[in-house]
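The values are calculated or read from the model by the stated rules, or taken from the named source; none is laboratory data. What you see is a predicted model; the values in this text were computed from it and never measured. FYI the Cβ positions are ideal-geometry reconstructions off the backbone, even for glycines, and counts take in every protein chain you see. Remember, those area values only see protein heavy atoms, side chains included, never the ligands or the DNA or RNA. Shrake-Rupley method; radii C 1.70, N 1.55, O 1.52, S 1.80 Å.
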Amino acid sequence: LPTEETKLLTEGLKKTVTINSYERNPKARILCIEHWGLSCSVCNLDFQSTYGDIGSGFIHVHHLIPVSQIGESYQIDPVKDLRPVCPNCHSMLHTANPPLSIEQLKEIVDANKRKQRI
């Protein structure tokens with residue numbers, strides 16, 4: 001049931017936002033995936049196995065050192081500098097500044113899985 005408080009909630013107002021955007025090299029993404037595969041480096045989720053054809057080829061690619069921290073154009077090594085991660089793990093990596101490492105997030109995920117089994 002709507003209350004006085006929820007009757008006042010609105011969304012959808014348009015606003016203009018100015019941000020810095022850092023270019024990504026699409027070939028680096030391809031080479032990262034060719035080397036590391038399409039499974040999440042943290043939780044091992046494979047989108048095609050889970051979602052079928054609509055998940056084919058889907059994965060985010062995470063920069064181990066954020067492009068924003070480098071602050072300039074640089075030579076990227078797709079194998080050393082990038083890792084495939086699912087969108088959820090990618091978001092969780094970026095809950096800290098600097099971002100959590102893949103290993104730190106794996107430890108968090110594993111610790112919580114152990115707690116759930118108890």
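Accessible area per residue for the chain is 80 Å², calculated with a 1.4 Å probe on protein heavy atoms, without ligands, DNA or RNA. Putting +1 on Lys and Arg Cβ atoms and -1 on Asp and Glu Cβ atoms, find which of Gln116, Leu64, Pro99 reaches farthest to the positive end of the dipole of the stretch 36-118. After comparing all options, I get Gln116.
Provide the gained length on full extension for the span Thr3 to Thr95, in nm with one decimal, where the gain is 0.36 nm per separating residue minus the Cα-Cα distance.
On the way: separation 92, 0.36 × 92 = 33.12 nm, distance 3.34 nm.
Length difference between fully extended and current span is 29.8 nm.
In the chain, a dipole from Cβ-located charges (positive for Lys and Arg, negative for Asp and Glu) runs towards its positive end, and of Thr3, Asn88, Leu13 it is Thr3 whose Cα lies farthest in that direction.
For the chain, the number of Lys pairs separated by eight or more positions or lying on different chains, with C-alpha atoms closer than 25 Å, is 4.
Cα centroids of the stretch 72-118 and the stretch 10-57: 14 Å apart.
The length gained on full extension between Thr18 and Glu34, counted as 0.36 nm times the residue separation minus their Cα-Cα distance, comes to 2.3 nm.
Peptide packing: for 81-91, 26-36, the average count of neighbouring Cβ atoms within 10 Å per residue gives the ranking 81-91, 26-36, highest mean first.
I'd like the FRET efficiency for Asp110 and Ile70, computed as 1/(1 + (r/R0)^6) with the beta carbon distance as r and R0 of 22 Å, rounded to 0.05. Here the calculated transfer efficiency is 0.15. Name the shape class, rounded, prolate or oblate, that the alpha-carbon gyration tensor gives for the chain, where a ≥ b ≥ c are the square roots of its eigenvalues, rounded holds for a/c under 1.5, and otherwise prolate holds if a/b is larger than b/c and oblate otherwise. It comes out oblate by the Cα gyration axes.
Once all protein chains are placed together, Arg24 keeps about 140 Å² accessible to a 1.4 angstrom probe.
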